[in-house]
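The values are calculated or read from the model by the stated rules, or taken from the named source; none is laboratory data. Note that the structure is a prediction, hence the values are computed from the model and not measured. As a convention, Cβ positions derive from the backbone with ideal geometry for all residues, glycine included, and neighbour counts pool all protein chains shown.
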Amino acid sequence: MSRLLPRPDERASAPVDLQRTARRPPTIVFVSAFAASALCATALELPAQQGQEADVPTIEPQFTRVYTAEAPTQLRIPSLSPDGRWIAFSTSGTDFDSGLWLVPAKGGEAIRLTQGAWDDFPVWFPTGDRIAFRSNRPARSGDGGSYVMSLAIDPETGQPAGPPRQVSVERCFAWLDVAPDGESIAFSAWADGEKAVLVVPSGGGSSRVVARATVRRPVWSPDGNSIYYVDGTTGSDEALIRMSGDGKMADTVFTWPMGITVFGYPESRFLLREISRDRQRNHPTVSEVATLDGRALGRLELPPGMDPMSFTPAGELLAVRFDMAAPLEVLPIDGGSPRRLNETGGNDQVLGWSGEGRCVLFKTELDGDDMFFFAPTDGGPMRQLRLLEEPLDGFPPVLSEDGGHLLYAVVGKDSEARTLKDFDLETRETRVITEDLLLPDRMSFELSGRGGVHWRDGDEFLYVERHGDRFEVRAVPADGPSRLLRAFHGVLPYSVAAYGDRIAFIDPDPSSKADKDIYLMLARVGDEQAHPVLTVRGVLESANWSPDGTRLAVDVYRRSSPSGNPVGVLELLVFEVNTSGEVVGEPTVLDTPDDVWWWSPRWLPNGQGLLVQDEVCDVWRISSEPGVRPVKITGDFPSNHLVCDFRISPDGQFIAYPRTIFRGSSIWRVDLGDVVARAER
């Protein structure tokens, strides 16, 4: 069983000033890990003209640590009680064990509320004597779904005042929020094969659908008349949608080119809009605090590894900080022990293999600076790669097939442009590929070449240009001109796979229905029309060409029953395509891991199998022959050691990856100063 600290950290009593100018770690021991917050974030940044008014003040936050847990326990989703006395939170640890806890808001010993089930996402009722949460307690054997439940709490002692009670009969897909009057609960779910927002009486009963959309975290407006949610299906932007409580009227409040985060009870008047972020979590995240109508209040910088969870009426954020490191390793695919190639307190990022497969190119952080190195797989001395300018993290640098060139992106001539460049490692010369690069902000977007290699097809780099509502998928060799592969108008498909002159893509239908026909389309360069090569009833997640271009692998999500989701079936299909673009024979369903979600199949170079990564970051080898059981190649790793994004060596013998080592987590109160008062002016 995961273990929480038996007592609060006695050093959490005083606020902590986040140092903003020093580039070395401060001398205060328990915030030394925050030193990187002084860096200029090298993450994907929002163009200055889009919502970043010059008069938006910078917030100087004060940090107070409330509670700490040791690895492998992870603290999740803290929620402040209406009277400000308690913080409810959930935990997860080994084997997906999860429970609900309370801790005094000023620090103190934690009180366990639940155990023995997957209980998550606590939200307080306005009365302060009850919480709503998501749980798999009502699930039958083989169901696997989670439902909305509630638990009575004694507000004086913090102890449970009764057993958990089921609220919804529909499965809760992810998020939930309690209405300001405590009479209703909004939650995300599946309805007739579509992602949706449902509302259920807080005492239980029949739910009603108020919105059908790709929803992230529905929250009630302060007056309880509307429900806000973020919709990510509006092209490359995210949109904040306001829906009337009866579901009859909806309007778009604003769109934003990066992430929008809305928070529910107890303070739903504010939201965060991302300005820059570092996906490797070595640098701060910069966000804009805004009102629900989009009025900017202040710019906030949070230290690396700190995730905001909710606003409080007192003008604070509740946040969770994860203490972790991710050093570079290589692992034999056919079995053997991993070899660590770098030691770091930060998070390494694998970028690719050298042409002969003897070195791994990766990015690491040293003394507050991002640096690039080639690390020999035999553990020999590393060689630094010095670039002439700082690449944008929104487009991770791509190494060419022969290891002689590097593709990377930088800020263009004006603040909203993005320029793509090719760097010759031998001559150290740089050439501009395009000044109209599109950086898709959707994490699910995939542009891959043969074998499933991202952003590269053999000896050509792949990228996307945007010209108004026209999206151009293009290829460019290291020493030649760019060529157009295919143009899309209005909507960019979320998965595009290239092999020479052949382009496979998933029909760019923004609908999220899981019970409709979805098409995998195929075209040659210059074809005006594409033709379908595969039709499935479900959701096509991605498509990848085999290394020799004779087969396509697609992963398909199918809804398991007409009554709802999130339980479903993932299948990995492989089918042959001839040179004329016609399917040969029937698709083959490969054996994949049982009872876990997985994604992003990548072919082994010999074409005899694929590698996939599952929801707990294990890597599996899938045989291309049906009936052969998958093999977990990372099966011996400790539960708090996770494999992040991996790269396959050119000979298919190794994977290189940063191994995330989780060392603990903590709950923090972040004082935002007069932001609340500023909102009322």
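Output the residues belonging to the stretch 600-616 that are at pLDDT below 90 and surrounded by fewer than 17 Cβ atoms within 10 Å (Cβ to Cβ). Matches in the stretch 600-616: 615, 616. Which residues, counting only those in the stretch 439-453, are modelled with pLDDT under 90 and of a type in the set (A, V, I, L, M)? The answer is 439, 443.
Residues are listed down the side, and each one gets a yes or a no for (1) part of a loop (DSSP other than H, G, I, E, B); (2) crowded, with 18+ Cβ neighbours inside 10 Å; (3) modelled with pLDDT of 85 or more:
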position: 639; (1), (2), (3): yes, no, no
position: 642; (1), (2), (3): no, yes, no
position: 652; (1), (2), (3): yes, yes, yes
position: 655; (1), (2), (3): no, yes, yes
position: 658; (1), (2), (3): no, yes, yes
position: 665; (1), (2), (3): no, yes, yes
position: 669; (1), (2), (3): no, yes, yes
position: 677; (1), (2), (3): no, no, no
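Could you please let me know if residue 396 is within 24 Å of residue 411 (Cβ to Cβ) and in contact (Cβ under 8 Å) with a residue 24 or more places away in the chain? For residue 396, the condition - within 24 Å of residue 411 (Cβ to Cβ) and in contact (Cβ under 8 Å) with a residue 24 or more places away in the chain - is met. Scanning the stretch 223-267 for residues that are of a type in the set (A, V, I, L, M) and in contact (Cβ under 8 Å) with a residue 24 or more places away in the chain turns up 227, 230, 240, 241, 243, 250, 253, 258, 260, 262.
Quick grid of which residues meet (1) modelled with pLDDT under 90; (2) outside any loop (DSSP other than H, G, I, E, B); (3) closer than 18 Å to residue 175 by Cβ; (4) in contact with a Ser or Thr (Cβ under 9 Å, 6 or more places away or on another chain):
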{"site": "89", "(1), (2), (3), (4)": "no, yes, yes, yes"}
{"site": "102", "(1), (2), (3), (4)": "no, yes, no, yes"}
{"site": "114", "(1), (2), (3), (4)": "no, no, no, yes"}
{"site": "123", "(1), (2), (3), (4)": "no, yes, yes, yes"}
{"site": "126", "(1), (2), (3), (4)": "no, no, no, no"}
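The lone criterion from (1) charged (D, E, K, R); (2) modelled with pLDDT under 90; (3) in contact with an Asp or Glu (Cβ under 8 Å, 6 or more places away or on another chain) left unmet by residue 281 is number (3).
The rows are residues; the columns are (1) of a type in the set (S, T, N, Q); (2) closer than 27 Å to residue 124 by Cα; (3) within 21 Å of the chain's Cα centre (by Cα).
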{"site": "251", "(1), (2), (3)": "no, no, no"}
{"site": "270", "(1), (2), (3)": "no, yes, no"}
{"site": "318", "(1), (2), (3)": "no, yes, yes"}
{"site": "321", "(1), (2), (3)": "no, yes, yes"}
{"site": "326", "(1), (2), (3)": "no, no, yes"}
{"site": "332", "(1), (2), (3)": "no, no, no"}
{"site": "345", "(1), (2), (3)": "no, no, no"}
{"site": "356", "(1), (2), (3)": "no, no, no"}
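In the stretch 103-115, the residues that are at positive phi and of a type in the set (Gly, Ala, Ser) form Cβ pairs under 7 Å with partners that are modelled with pLDDT under 90 and part of a loop (DSSP other than H, G, I, E, B), at six or more places apart or across chains, as follows: 107/8; 108/8. Kindly provide the set of residues from the stretch 624-637 that are in a strand (DSSP E or B) and aliphatic (A, V, I, L, M), ordered by number. The one that is in a strand (DSSP E or B) and aliphatic (A, V, I, L, M): 631.
Checking 165, 140 one by one, the residue that is without any contact (Cβ under 8 Å) to a residue 24 or more places away in the chain and of a type outside the set (Phe, Trp, Tyr) is 140 and no other. Here residue 379 fulfils each of the conditions (1) more than 29 Å from residue 471 (Cβ to Cβ); (2) touching a residue at least 60 places away in the same chain (Cβ under 8 Å) apart from (2).
Pairing residues of the stretch 277-289 that are among the aliphatic types (A, V, I, L, M) and assigned to a strand (DSSP E or B) with residues that are buried (at least 23 other Cβ atoms within 10 Å of the Cβ) and modelled with pLDDT under 90, at Cβ distances under 7 Å and at least 6 apart in sequence or on separate chains, gives 286/275. Hey, any hits in the stretch 400-417 for a residue that's in a strand (DSSP E or B), touching a residue at least 40 places away in the same chain (Cβ under 8 Å) and over 21 Å from residue 497 (Cα atoms)? Yes, the stretch 400-417 contains at least one residue that is in a strand (DSSP E or B), touching a residue at least 40 places away in the same chain (Cβ under 8 Å) and over 21 Å from residue 497 (Cα atoms).
Being in a strand (DSSP E or B), more than 24 Å from residue 224 (Cα to Cα) and in contact with a Leu (Cβ under 8 Å, 6 or more places away or on another chain): is that true of residue 75 here? Judged against the criteria, residue 75 is not a match. Would you say residue 593 is under 25 Å from residue 576 (Cα atoms), assigned to a loop (DSSP other than H, G, I, E, B) and under 23 Å from the mean Cα position of the chain (by Cα)? Yes, satisfied. Going by the conditions given, is residue 375 of a type in the set (Gly, Ala, Ser) and under 30 Å from residue 671 (Cα atoms)? It is false that residue 375 is of a type in the set (Gly, Ala, Ser) and under 30 Å from residue 671 (Cα atoms).
In the stretch 535-560, of all residues being at pLDDT below 90 and among the charged types (D, E, K, R), the one that is nearest to residue 496 (Cα to Cα) corresponds to 541.
Residue 155 satisfies every condition listed in (1) more than 24 Å from residue 245 (Cα to Cα); (2) part of a strand (DSSP E or B) except (2).
If the condition is being touching a Lys or Arg at 6+ places or on another chain (Cβ under 8 Å) and in a loop (DSSP other than H, G, I, E, B), then the stretch 605-623 contributes 607, 618.
Take residue 320 and tell me if it is under 23 Å from residue 401 (Cα atoms) and touching a residue at least 12 places away in the same chain (Cβ under 8 Å). No. The strands (runs of 3 or more DSSP E) found entirely in the stretch 341-389 that carry 2 or more residues being surrounded by fewer than 17 Cβ atoms within 10 Å (Cβ to Cβ) are 369-376, 383-385. It is to be established whether one or more residues within the stretch 206-222 are more than 19 Å from residue 146 (Cα to Cα), surrounded by fewer than 21 Cβ atoms within 10 Å (Cβ to Cβ), touching a Pro at 6+ places or on another chain (Cβ under 6 Å) and touching a residue at least 12 places away in the same chain (Cβ under 8 Å). Checking the stretch 206-222: not a single residue is more than 19 Å from residue 146 (Cα to Cα), surrounded by fewer than 21 Cβ atoms within 10 Å (Cβ to Cβ), touching a Pro at 6+ places or on another chain (Cβ under 6 Å) and touching a residue at least 12 places away in the same chain (Cβ under 8 Å). Flag set for residue 335, criterion: surrounded by fewer than 19 Cβ atoms within 10 Å (Cβ to Cβ) and not in a strand (DSSP E or B). For the stretch 289-323, filtered to residues that are among the small types (Gly, Ala, Ser) and crowded, with 20+ Cβ neighbours inside 10 Å, the residue that is modelled with the lowest pLDDT is 305. Taken together, the criteria place residue 410 among residues that are buried (at least 18 other Cβ atoms within 10 Å of the Cβ), modelled with pLDDT under 95 and within 18 Å of residue 351 (Cα to Cα). Listed by position, the strands (runs of 3 or more DSSP E) contained in the stretch 201-276 that have at least 3 residues being among the charged types (D, E, K, R) are 237-244.
Of all residues in the stretch 418-439, those satisfying the criterion of being in a strand (DSSP E or B), touching a Phe, Trp or Tyr at 6+ places or on another chain (Cβ under 9 Å) and not charged (D, E, K, R) are 420, 423, 430, 433, 434, 437.
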